[in-house]
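One structure is given here, and the rest of the page talks about it.
The values are calculated or read from the model by the stated rules, or taken from the named source; none is laboratory data. As the structure is a prediction and not an experimental result, all values here were calculated from the model. Glycine also receives a Cβ, built like all others from the backbone with ideal geometry; neighbour counts cover every protein chain displayed. All accessible areas refer to the heavy atoms of the entire protein, side chains included, with ligands and DNA or RNA removed. Shrake-Rupley method; radii C 1.70, N 1.55, O 1.52, S 1.80 Å.
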Amino acid sequence: MQTAVFEKEYEVRSYDTDPQARLGTGTLFSYLQDIAGLHAEKLHFGRNDLKTEKQFWVLSRMICRLTGMPAWNDVLKITTWPKGVEGVFAIRNFRISDNKNNLIGEASSSWIIVDMDTRRPLRPGTNLMAFKDNSPFAGFNCPVAARIPLEEDKPYRSPLKEVRYSDLDINMHVNNARYLNWITDSYPMEFLRKNVPAEIEVNYLSETTTGDDYYVTTEEKSNIFYHSVVKENGARVACRARISWNPCDENKLY
C-alpha cells in the first residue's frame, strides 16, 4: 500500500513552547492530530469524506511515550500509519523523531466515527480493516491506549472555569489538545519547570462546549498522576488522563 505510511516535519516555533522553551504537551498532541487528519484525507476517509455521510471522526484515546521533549527551533519528523480496527476503534500509530533522525517518542491513538445528528458512535467501515497488518516499523513498542480508571480517593480539585470561544474547534466542541492544556495548567509552576512528561495517556469521554463550566481533579499514586476534567453541569467526566513525569534540569533545554 503506497499511502499506508505518511510523514511530515514540524518546526517548533516560539509560540509552541512553554516558559522553558520546551514544546508544550498540548501542542505535541495537536501535531499528532494534524498529521492524522492529513493522512486520513489522502486515504479517502478523512473529514471531508465522512462529512458527505453526515459523520465525523472523534479521537477517543491517545497514549504517547517520550524520551525527551523537543525545544524551540527543533524540527520533528512525525510518521503515522493506520493499524486496522479493534471493536469500534480505528487505530492509528505514530513515531516521533528529531532532526538527527533519533527516535524520541511513540504514540497510539484510537478513533471512533460519530453520526452528526444523533452524536452516536458508528462501527468503522470495512475499508479500514484492510490496514490491520500495516506494521512498517518492526521495533514499534507503544501499546494501544487503554481505559483509565476513576480516582479512588478524594482528589485535589482545581478552581471552576468556563469554556471559552478559543477552546472550541471546527466541530464546535472543545479541542482534544485543549484538555491537556487545562490539565497541565492545574500543576504548580515549580513542578512543571523541573519535570518533563515521560508518558501521557488520555481518554476522551464526552463532549464539552460553550456554556459548560469545568474543573480538573488530580490524584497521585506512586509518582503517576491521574486526572479528570469534570463538567460542573451534570458532573459528567469529559476526559481522564494518566501522566508520568521525569525530572529535568530546569535551566537545560531539551
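Which of the residues that make up region 46-59 are open to solvent by 40 Å² or more (accessible area, probe 1.4 Å) and either among the basic types (Lys, Arg) or part of a strand (DSSP E or B) (or both)?
Step one: filter region 46-59 for residues open to solvent by 40 Å² or more (accessible area, probe 1.4 Å), giving 47-49, 51-55, 57.
Hits for region 46-59 are Arg47, Lys51, Lys54, Gln55, Trp57.
Of the residues Arg92, Arg147, Arg61, Arg65, the single one that is under 17 Å from the mean Cα position of the chain (by Cα), basic (Lys, Arg) and closer than 27 Å to Ser14 by Cα is Arg65. Of all residues in region 79-114, count the ones that are in a strand (DSSP E or B), at positive phi and open to solvent by 20 Å² or more (accessible area, probe 1.4 Å). Final tally of qualifying residues: 0.
The set of residues in region 171-197 being over 16 Å from Leu59 (Cβ atoms), among the aliphatic types (A, V, I, L, M) and open to solvent by 20 Å² or more (accessible area, probe 1.4 Å) consists of Met189, Leu192.
Select, from Met62, Met69, the only residue that is under 21 Å from Ser244 (Cα atoms), modelled with pLDDT under 95, crowded, with 18+ Cβ neighbours inside 10 Å and hydrophobic (A, V, I, L, M, F, W, C). Can you show your working first?
On the way: Met62 fails: modelled with pLDDT under 95.
Unique residue meeting the criteria: Met69.
In this structure, Leu168 does satisfy being free of Cβ contacts under 8 Å to residues at least 60 places away in the same chain, surrounded by 14 or more Cβ atoms within 10 Å (Cβ to Cβ) and at negative phi.
Checking each residue in region 12-30 for being assigned to a helix (DSSP H, G or I) and more than 17 Å from the chain's Cα centre (by Cα) picks out Ser14, Tyr15.
Evaluating Ala40 against the criteria (1) at pLDDT 95 or above; (2) crowded, with 21+ Cβ neighbours inside 10 Å leaves one unmet condition, (1). Cβ contacts < 8 Å: first residue in contact (Cβ under 8 Å) with a residue 60 or more places away in the chain, restricted to region 124-141; second residue open to solvent by less than 60 Å² (accessible area, probe 1.4 Å) and basic (Lys, Arg), any location; separation 6+ or different chain. Result? If the second residue must be open to solvent by less than 60 Å² (accessible area, probe 1.4 Å) and basic (Lys, Arg), the pairs left are Phe131/Lys83; Asn134/Lys83. Output yes when any residue across region 90-107 is over 24 Å from Ser30 (Cα atoms) and free of Cβ contacts under 8 Å to residues at least 40 places away in the same chain, and no when none is. Scanning region 90-107 turns up no residue that is over 24 Å from Ser30 (Cα atoms) and free of Cβ contacts under 8 Å to residues at least 40 places away in the same chain.
Here Leu205 meets the list (1) closer than 27 Å to Ala36 by Cβ; (2) open to solvent by 20 Å² or more (accessible area, probe 1.4 Å); (3) in contact (Cβ under 8 Å) with a residue 60 or more places away in the chain almost entirely, failing just condition (3).
Considering only residues that are among the hydrophobic types (A, V, I, L, M, F, W, C), within 30 Å of Gln55 (Cα to Cα) and more than 18 Å from the chain's Cα centre (by Cα), which ones fall in region 151-171? Even if it seems obvious, please write down each step before you answer.
Looking only at region 151-171, we keep the residues that are among the hydrophobic types (A, V, I, L, M, F, W, C), and these are 160, 163, 168, 170.
Then keep just the ones that are within 30 Å of Gln55 (Cα to Cα); that gives 163, 168, 170.
Scanning region 151-171 gives a single hit, Val163.
Listed conditions (1) crowded, with 16+ Cβ neighbours inside 10 Å; (2) under 28 Å from Pro121 (Cβ atoms); (3) not aliphatic (A, V, I, L, M) are all met by Asn233, apart from (1).
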